[in-house]
Amino acid sequence: MSKRFTDTEKWKDEWYLSLTNDYKIVWQWLLDNCNQAGILKRGLYLLNTLCKTNFTEDVFLEIFQNRVYLFKTQNIYFIPKFLKYQYEVGLNSFKPAIISVRKELIKHNLDKFIKELYGNDYLMITESLGNDYGIIKDKDKDKDKDKDKDKDKDKDKDKDKDKDKDKDKDKDKDKEYKEFEIPDFLDKKLWEEYLEMRIKIKKPATKKAKELVLAKLQKLREQGNNPNQVLEQSILNSWQGVFALKDKELSDTKYKKIPCAWIDDEEGRGCREMIFEGKGKFCSEHKFKIKK
């Protein structure tokens, strides 16, 4: 039975901690079931069966974007971070285990992709072993001398990646707003909270789903519903979709707020409660105190 390293630092990783328990199980399943080169055959039937999930490929790739890559021509999923963690110093050794990884990458035409991600130094050898064991031994000694240097380089790269994470998040949000042309009448923060709620209920919104929801909000607004209140209603009730408000009088697109008309005869003070114009002149507390 094959054995591989596991990252105990994942419990400090913000991305990993943001996953639901089901998604954490799926991620662990991927790391345990990919081959020695981080490659899995394309298909989600076995994953859904064993992890008791119901992923479509679009949702699966959206949740694990930048972690799992689909190569359609090869009909495979590829997990580069698995490769980098298991073989931190590179794939230039002539040990049998490393050779088998190189063969898998070259077989699926992933060697160029690896070099783009981790640099040419990570994978310089693209030829088979042969029988030149004496040469191999000398090359391995040279590689060992550079291990410390490679580790320092990797640490610097990781620091740079961490600094860019927040910038990338902001860019992604700006890209989303431009891509879906979120209308001015919609609260962007409320829209983000709605999308986060969809993820929590295991119904993350795909690109098409977001377009449909925005179209539905526009239609509801034309019917007299406040789209922001519609989103709040879905968030509070953990609804996947958006629906007309149960009490349309609460929609401030149709009714304006006015102060309660009640005045205390003895003290001459008025009520400070604001009410919707469509609900009458008095708030719920004072409408029964008015003398008929």
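Things to note:
- Hey, residue 25 assigned by TED's automatic domain parsing to the domain that holds residue 99, surrounded by 11 or more Cβ atoms within 10 Å (Cβ to Cβ) and in contact with a His (Cβ under 8 Å, 6 or more places away or on another chain) or not: no
- Inside segment 74-85, residues that are at pLDDT 90 or above and either of a type in the set (Ser, Thr, Tyr) or surrounded by fewer than 13 Cβ atoms within 10 Å (Cβ to Cβ) (or both) make up a count of 2.
- Pairs where the first residue, in segment 79-97, is in the same structural domain as residue 63 (by TED's automatic domain parsing) and among the aliphatic types (A, V, I, L, M) and the second is surrounded by fewer than 17 Cβ atoms within 10 Å (Cβ to Cβ) and at pLDDT below 85, C-beta under 6 Å, 6+ apart: 89/147; 89/150
- Selection status of residue 39, among the aliphatic types (A, V, I, L, M), over 25 Å from residue 158 (Cβ atoms) and surrounded by 15 or more Cβ atoms within 10 Å (Cβ to Cβ): no
- Residue list for segment 28-37, restricted to those being out of contact with any Asp or Glu (no Cβ under 9 Å at 6 or more places or on another chain) and not in a helix (DSSP H, G or I): 34
- Qualifying residue in segment 30-38 (condition: without any contact (Cβ under 8 Å) to a residue 40 or more places away in the chain and closer than 26 Å to residue 98 by Cα): yes
- Restricting segment 86-95 to residues that are more than 15 Å from residue 35 (Cβ to Cβ) and of a type outside the set (A, V, I, L, M, F, W, C), the residue that is surrounded by the most Cβ atoms within 10 Å (Cβ to Cβ): 90
- Top-ranked residue in segment 67-101 [being farther than 22 Å from residue 13 by Cα and in a helix (DSSP H, G or I); ranked as nearest to the chain's Cα centre (by Cα)]: 101
- Checking residue 43 against (1) assigned to a loop (DSSP other than H, G, I, E, B); (2) under 21 Å from residue 13 (Cα atoms), the condition it does not meet: (2)
The values are calculated or read from the model by the stated rules, or taken from the named source; none is laboratory data. Since the model is a prediction, treat every value here as computed from it, not as a measurement. With ideal geometry, Cβ positions are generated from the backbone for all residues, glycine too; neighbour counts draw on all protein chains shown.
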